[in-house]
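Where a number appears in this text, it was derived from the coordinates with a stated rule and is not lab data. Only a predicted model underlies this, so the values are computations on that prediction, with no experimental measurement involved. Heads up, the Cβs are rebuilt from the backbone with ideal geometry, glycines too, and the neighbour counts pull from every protein chain shown.
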Amino acid sequence: MERKNGWQLAEEAGFSTPYAMQYLLNRAVWESDQVRDQLQAYVREMIGDPDGIYVLDETGFLKKGKKSVGVQRQYSGTAGRVENCQIGVFLAYASKAGHTLVDRELYLPKSWTHDRERCREADVPEEVVFATKPQLAARMLWRALDAGIPAKWVTGDSVYGSHRPLRAGLEERCQAYALAVKCSEKVAVQGECQRVDRIAAGLGADQWQRLSAGSGSKGPRLFDWACVELDKPEQEGWQRCLVVRRSLVSGEKPAALAYVLVFAPLGTTLAEMVEVIGTRWTVEQCFEEAKGEVGLDEYEVRSWQGWYRHITLCMLAHAFLMVLRTQSQAQLPETGENEGKKRWRPSQPHSPSQSLSAFKRLRGLACP
């Protein structure tokens, strides 16, 4: 269907009105957080991997009016400018078998949390108070880690990497991370506190390596990389590093720099750090697929509960399709005593052989 809101879903299902669909999102008795827990258990069972990676990011949902919960004029990375929108913070999980969204939180600006009457109209629970995006991200991370979804790394952009309590919480758990930070971030090098951009300015030509951050639509995503060892953390057997990424120079355009703080076990190579940093793109693909294929942004609910129910069901649908696609791409004959049977081999998430929309058409999951 071109759109996947209540009216279109009801029509496709053969209903004369959208009331049943609206009932499911509003008045029906069920807990979206319990469905999220089931989603995480499903992801853990189907694509869980000790080398898995958590990816943090947010996405915007453009809206009209002022009634939709959390809406205000704010910057949306989706639009690339300030728009009237809602912002959802998401946690994605990526492994060799695939990647999907596993948790979500709605960002509620102070213009909402300071207006309790407005919150009551949107059915925001009384206990909900203002929380920054990194604070919401930390809640999701602790939940996922406590739920036992195995992960070796956590990565995300500077919105989350520049939040020191988030980094400290991960270090307390001895959880490796590769989190981007702003150029003004200060770190300790040989007992001296310095800005990361000034450290990068002092790097010599022999300190850079050309490495690929994964395959893109135009081939390997090549950058120059440098790694600077920072002061040692309290945790025995761990290290802190500053990784600097430099774009390849073409013409007179100056090279763009990006900065990533890394907390990892001793002996972790720069190549492994770069591979993890390159995994950040998977959450963008999750957003693109979820919005395009399962209607993540095609809701017409205004309430707190309605938002969480719609988003959670879309995440579950996306995870289900991701698993089906992974299995359909990797059916191989078994050898030995099980010869003649078939087993599933996970496909590589960095180079999917077909898009999710193509997979749906192949399996008859797309409406004509």
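Given +1 at the Cβ of Lys and Arg, -1 at the Cβ of Asp and Glu and no other charges, the dipole of the stretch 80-208 around its Cα centre is 240 debye to the nearest 20. Taking the chain as a Gaussian network, where each spring joins two C-alpha atoms under 10 Å apart, which residue of 77, 216, 65 fluctuates the most? Comparing 77, 216, 65 in a Gaussian network model of the chain, the most mobile one is 65.
For the stretch 187-245, applying the loop criterion from DSSP together with a ceiling of 11 other beta carbons within 10 Å to the trypsin sites (Lys or Arg not before Pro) yields 218.
With 0.36 nm allotted per residue and the present C-alpha distance subtracted, the residue 358-residue 188 stretch has 56.3 nm of extension available.
Springs join every pair of Cα atoms under 10 Å in this Gaussian network model of the chain, and among 80, 48, 161 the largest mean-square fluctuation is at 80.
About the centre of its Cα atoms, the chain shows a dipole size close to 820 debye [charges on the beta carbon of Lys, Arg (+1) and Asp, Glu (-1) only; nearest 20 debye]. Which one of 127, 58, 171 has the biggest mean-square fluctuation once the chain is modelled by GNM with Cα springs under 10 Å? With Cα springs under 10 Å in the chain, the top fluctuation among 127, 58, 171 is at 127. For a straight C-alpha distance cut-off of 22 angstrom, the lysines reachable from residue 110 (same-chain residues fewer than eight places away being disregarded) are 63, 64, 66, 67, 133. Ordering 71, 5, 125 by Cα displacement along the dipole of the stretch 1-126 toward the positive end leaves 71 in first place; charges were set at the Cβ atoms of Lys, Arg (+1) and Asp, Glu (-1). Helix screen, the chain: DSSP H segments with Cα axial length of 27 Å or more and mean Kyte-Doolittle hydropathy at least 0.0 are 304-329.
Less than 5 angstrom separates the built amide H of residue 238 from those of 266, all sequence-distant by 5 or more or on a different chain. Rounded to the nearest 20 debye, the dipole magnitude of the stretch 226-324 is 180 debye, with +1 charges on Lys and Arg beta carbons, -1 on Asp and Glu beta carbons, and the Cα centre as origin.
Once the Cα-Cα distance is subtracted from the 0.36 nm per residue extended length, the residue 17 to residue 29 segment shows a gain of 2.3 nm.
Shown here for the stretch 1-76: trypsin sites (Lys or Arg not before Pro) in loop regions (DSSP other than H, G, I, E, B) with at most 12 other Cβ atoms within 10 Å, namely 3, 27, 64, 66, 67.
Each 10 Å bin from 0 upward holds the following percent of the Cα-Cα pairs of the chain: 5, 21, 30, 25, 14, 5, 1, 0. A cut-off of 5 Å between modelled amide H atoms, ignoring neighbours fewer than 5 places along the same chain, links residue 102 with 91, 92, 93. How charged is the neighbourhood of residue 36? Take every other residue with its Cβ under 14 Å from the Cβ of residue 36, and add Lys/Arg as +1 and Asp/Glu as -1. Taking every Cβ under 14 Å from that of residue 36, the sum is -1. In whole angstrom, how far apart do the alpha carbon centroids of the stretch 170-233 and the stretch 98-112 sit? About 27 Å separates the Cα centre of the stretch 170-233 from the one of the stretch 98-112.
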